[in-house]
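See structure below.
The values are calculated or read from the model by the stated rules, or taken from the named source; none is laboratory data. Because the structure is a prediction, the values reported are computed rather than measured. Please note: Cβ atoms are built from the backbone with ideal geometry, for glycine as well, and neighbour counts cover all protein chains shown. Just the protein is used for accessible areas: all its heavy atoms, side chains included, with ligands, DNA and RNA removed. Shrake-Rupley method; radii C 1.70, N 1.55, O 1.52, S 1.80 Å.
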Amino acid sequence: AYLPCPLVANFRNKDVALGGQGAPLVPFGEQHLFPNYKLFLNLGGIANLSFGGKAFDVVPCNMALNWLANAMETPQALDHDGAAARSGQMDYALYDALENLPWYQQSGPKSLGTEWFNAHILPLISQCESPIEDRMKTFVLHVVSRITVALRDLQVRSIPLVVTGGGAHNKYLMEELQKSLAGLGVTIERLPDAVVDFKEAVIFAFLGLQTLLGQPNILASVTGAKLDVCGGSIHLPPGGWGKMALI
């Protein structure tokens, strides 16, 4: 079996070669596919924000919460609706250790990845002796804190915040985030579930289309690269282009 159409991958490489972070990549797609919105938060493995053509990673999110859910006495793939986190108690020592990680003080452009999570977050949440539910609540509140600080630093006011990603289904996380952002005058706008769940997948398909068309798809203003680039390597099926139409 083989894929009978072109595959575009490795979006980050060229941007990194030109001095960029190689991420985040979605702001380009957001500008073109969601022109009616300006402020986006994606609660995926890592939470990231984009606003006004600029974007940056904020804090690990589901990467940590799912790890904790899997470490429960009865392992779970995720904390459904944030129920376990809601039932826990705050661990202030863990919270302070998370909040004081030096990466959060760095200026952008900046990005997070699995390596940083494994080196800095995982030791804190895995070696903590508090019950898993307490660690979950503490990490949820850490995520909310970091997002609130980031939005305050952006000085956004009276702009709807579009929230997508798996974390948007975590009711406890969303409730705490709404309460925290109320003080900034930021309201959360929930789009249809199809957009919430597949926004990033659709955007990456759009980025791949730009690659096939030979057009820029990564913004230097976001990644810190020397210039906008057409990122992505094209892998052709066994028969090459043949008579396939790109569009």
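The table for this structure:
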quantity	calculated
Residue-averaged 222 nm ellipticity for the chain, from DSSP H runs of 4+ at -39500 (n - 2.57), nearest 500	-12000 deg cm²/dmol
Residue among Val162, Val195, Val26 with the largest mean-square fluctuation in a Gaussian network model of the chain, springs linking Cα atoms under 10 Å	Val195
Rg followed by Dmax, in Å, when segment 157-206 is reduced to its Cα trace	12.0, 37
Length-normalised contact order of segment 1-130 in % [C-alpha pairs under 8 Å, at least 6 apart]	19 percent
Only Lys, Arg (+1) and Asp, Glu (-1) charged, at Cβ; segment 74-174 dipole about Cα centre in debye	420 debye
Part-to-part distance (alpha-carbon centres) for segment 42-99 and segment 160-236, which is given in Å	18 Å
Mean shadow area of segment 149-247, taken as a quarter of the surface of its Cα convex hull (nm²)	9.3 nm²
Rg ratio (alpha-carbon, reference 2.2 N^0.38 Å) - segment 117-199	1.23
Largest-first principal axis extents of the Cα set of segment 8-64 (Å)	31, 31, 21
Geometric extent, Cα atoms of segment 84-145 - Rg, Dmax (angstrom)	12.1, 36
Accessible area expressed per residue, the chain, with surrounding protein chains retained (probe 1.4 Å, Å²)	49 Å²
Peptides ranked, highest mean first, by Cβ atoms within 10 Å: ranges 167-174, 133-140	133-140, 167-174
Most positive-pole-ward Cα, Met174, Leu39, Gln76, against dipole of the chain from beta carbon charges	Leu39
Fraction in percent of alpha-carbon pairs per bin - 5 Å, segment 41-169	2, 10, 21, 24, 20, 13, 7, 2, 0
The chain: equivalent-ellipsoid semi-axes (sqrt of 5 x gyration tensor eigenvalues, Cα, Å)	33, 21, 18
